[in-house]
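The values are calculated or read from the model by the stated rules, or taken from the named source; none is laboratory data. Keep in mind the model is a prediction, meaning the values are calculated, not measured. Using ideal geometry, Cβ is built from the backbone for each residue, glycine included, and neighbour counts are taken over all protein chains shown.
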Amino acid sequence: MNSPHPGVTPEPAVTADGIANVLSRLDQPVYVVRTPQGIGVSSQPPDDGTVLVAAVGPLPPESLGSADFRRRHGLRANYMSGAMANGIASADLVIALSRAGYLASFGAAGLLPERIEETLQRFRAEIPDRPLAVNLIHSPSEERLERCAVDLYCAYEIRCVEASAFMDLTSHIVRYRLAGLRAGSHGVVADNQVIAKVSRPEVAAKFLAPAPQSIVSELLAAGLITAEQARLSPAVPMADAITVEADSGGHTDRRPLSVLFPTIQRQRDAMPLLPGQRAPVDLGAAGGLGTPEAVAGAFALGADYVVTGSINQSCVESGTSPVTRKLLAEAGVADCEMAPAADMFEMGVQLQVLRRGTMFPMRARSLYELYRKYASLEEIPDAERNRLEKQVFRRPISDIWADVQEYFSRRDPVQLERAAHEPKRRMALVFRWYLGMATRWAVVGDAGRAADYQIWCGPAMGGFNDWVRGSHLEPPENRHAADVAENLLRGAAYATRINLLALQGVRLPATLRRLAPTPLLTPEMSHA
């Protein structure tokens with residue numbers, strides 16, 4: 001709002017449209033003044049004698065969060081798309097967000113090494129100098145996959161890994177971290193950055209501390225790290241950043257962000273800096289972030305960056321089917337439920353999935369109940385076995401076991417060796433077949449198995465759908481990940497501005513409190 005005449009301050013806006021116009025100029029300050037017509041708003045400081053009611057400075061979306069986090073990862077804004085397993089957080093999604101200046105994590109969990117390698121080759125060819133992360137998920141039931149993933153990440157010099165579902169540190173995540181250590185002119189340099197996604201303080205503590213010396217010694221003895229890297233290991237924490245994960249889709253403890261984040265923040269702040277640590281570990285926020293208000297709240301808690309998940313699955317770049325995107329776009333905030341997790345089935349770990357439009361949660365829970373009750377497939381009563389084969393599996397258990405054998409002979413033969421001597425293990429693998437296939441049916445959009453779709457989803461999805469209703473982002477075919485990110489951050493900056501004014505006593509009409517989504521894709525983003 002520049003004056004056409006130098007030295008003349010323009011009149012403050014007093015109409016709803018005029019006030020909205022001033023408030024939405026996020027790169028300009030806002031001055032609220034008292035006028036004869038009531039409250040007025042301007043981007044210019046008031047003349048002498050005008051009563052100033054409140055003021056807030058410029059707040060462009062790029063200024064939200066930590067400047068150090070942006071610089072370290074080469075980002076335009078502190079926004080990250082978290083990994084969704086089985087390639088749902090696809091290469092297309094990572095590339096689109098990376099080109100737009102955001103960080104995105106490829107959903108490598110559950111994929112065979114050859115599929116991961118194909119994606120890493122694509123990243124090397126298409127976004128060689130852009131920010132990106134790749135997921136490393138803790139795989140207690142399939143240790144080989146975790147090991148092979150780290151082999152690939154080291155070979156392809158992947159410099160950022162999003163570590164998820166870890167309950168304790170493994171030699172593989174420690175190896176990745178230490179393999180990037182070297183002595184620099186100003187101290188220890190950690191080329192391999194780790195962003196750890198956690199939902200419990202006891203797990204956060206492991207990533208805030210250096211690598212356990214017992215694991216360091218094992219890696220050194222096996223020749224997987226150098227003596228220099230072992231010597232430098234006590235100087236740096238295991239993670240450069242920790243994402244505090246609240247009520248999210250997939251693996252979740254369903255903790256409220258407003259409780260969990262300050263707890264881990266205090267834990268982080270109490271940790272003294274290690275000798276090679278230049279700054280405290282960054283803290284991000286994830287879980288439930290599907291609206292500008294939620295994102296603004298995360299930054300208000302002190303988050304250095306925010307991580308979205310469920311909402312990206314409904315975007316056109318995600319690696320799931322159009323029918324699944326449509327189901328996600330119809331979800332409400334109460335349409336989620338907990339169900340057994342395939343990768344940690346025997347441990348009783350659960351994840352959050354979409355309930356609306358699918359019978360998967362109920363059927364998956366029934367499988368876990370059978371697993372707890374019986375010692376083997378043969379112990380299951382005939383009537384129950386028939387129900388499973390006809391209603392849930394739709395195939396004889398013997399056929400499923402043949403598929404399981406073929407699958408694990410390629411993926412992890414150790415699983416078959418264990419099952420040969422442990423009947424309960426064999427039962428778990430058969431039940432995990434259904435859980436794994438339920439995800440695949442949703443990803444490929446198998447119309448014949450729609451009632452069995454496993455769709456990882458948290459309540460953020462419903463909040464997002466409510467926010468975009470009536471806008472260009474309502475139809476799932478219009479949802480581009482970079483456009484979603486841009487609108488969320490602009491909306492968050494706007495919501496923060498409104499809250500700052502409210503703290504100074506300025507209560508604006510409801511029509512001015514929320515910034516509606518608008519098409520924001522630049523030509524570069526559209527090309528991405």
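Taking region 227-243 only, how many residues are among the polar types (S, T, N, Q) and either outside the structural domain of residue 285 (by TED's automatic domain parsing) or touching a helix residue (DSSP H, G or I) at 6+ places or on another chain (Cβ under 8 Å) (or both)? Break it down into steps so the answer makes sense when it comes.
Looking only at region 227-243, we keep the residues that are among the polar types (S, T, N, Q), and these are 229, 233, 243.
Imposing the further condition that a residue be either outside the structural domain of residue 285 (by TED's automatic domain parsing) or touching a helix residue (DSSP H, G or I) at 6+ places or on another chain (Cβ under 8 Å) (or both) reduces the set to 229, 233.
Within region 227-243, residues that are among the polar types (S, T, N, Q) and either outside the structural domain of residue 285 (by TED's automatic domain parsing) or touching a helix residue (DSSP H, G or I) at 6+ places or on another chain (Cβ under 8 Å) (or both) number 2.
Within the group 253, 335, 343, which residue is charged (D, E, K, R), crowded, with 21+ Cβ neighbours inside 10 Å and within 30 Å of residue 372 (Cα to Cα)?
Values: 253 fails: crowded, with 21+ Cβ neighbours inside 10 Å; 335 fails: crowded, with 21+ Cβ neighbours inside 10 Å.
Answer to the selection: 343.
Among the residues of region 323-336, is any under 30 Å from residue 431 (Cα atoms) and either out of contact with any helix residue (DSSP H, G or I) (no Cβ under 9 Å at 6 or more places or on another chain) or among the acidic types (Asp, Glu) (or both)? It would help to see each step written out before you state the result.
Step one: list which residues in region 323-336 are under 30 Å from residue 431 (Cα atoms), which gives 323-336.
Applying the additional criterion that residues be either out of contact with any helix residue (DSSP H, G or I) (no Cβ under 9 Å at 6 or more places or on another chain) or among the acidic types (Asp, Glu) (or both) yields 330, 335.
The answer is yes, given that some residue of region 323-336 is under 30 Å from residue 431 (Cα atoms) and either out of contact with any helix residue (DSSP H, G or I) (no Cβ under 9 Å at 6 or more places or on another chain) or among the acidic types (Asp, Glu) (or both).
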Consider residue 238 carefully, then state whether it is in contact (Cβ under 8 Å) with a residue 60 or more places away in the chain, in contact with a Leu (Cβ under 6 Å, 6 or more places away or on another chain) and farther than 28 Å from residue 486 by Cβ. no
Where in region 117-228 are the strands (runs of 3 or more DSSP E), entirely inside, with at least 1 residues that are more than 22 Å from the chain's Cα centre (by Cα)? 181-184, 187-190
Out of region 437-454, which residues are under 17 Å from residue 355 (Cβ atoms) and either polar (S, T, N, Q) or touching a helix residue (DSSP H, G or I) at 6+ places or on another chain (Cβ under 6 Å) (or both)? 438, 439, 441, 442, 449, 452, 453, 454
Answer yes or no as to whether residue 496 is within 20 Å of residue 27 (Cβ to Cβ), in contact with a helix residue (DSSP H, G or I) (Cβ under 7 Å, 6 or more places away or on another chain) and β-branched (Val, Ile, Thr). yes
Being in contact with a Lys or Arg (Cβ under 9 Å, 6 or more places away or on another chain), loosely packed, with under 15 Cβ neighbours inside 10 Å and of a type in the set (Ser, Thr, Tyr) is the filter here, so list the residues in region 349-399 that pass it. 376
Has region 63-81 got at least one residue that is in contact with a Ser or Thr (Cβ under 7 Å, 6 or more places away or on another chain), among the polar types (S, T, N, Q), closer than 24 Å to residue 243 by Cβ and surrounded by 17 or more Cβ atoms within 10 Å (Cβ to Cβ)? yes
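Please give the helices (runs of 4 or more DSSP H) falling wholly within region 393-511 in which 1 or more residues are modelled with pLDDT of 95 or more. Before the answer, list the steps.
On the way: elements: 397-411, 413-421, 423-444, 460-468, 481-503.
It comes to 397-411, 423-444, 460-468, 481-503.
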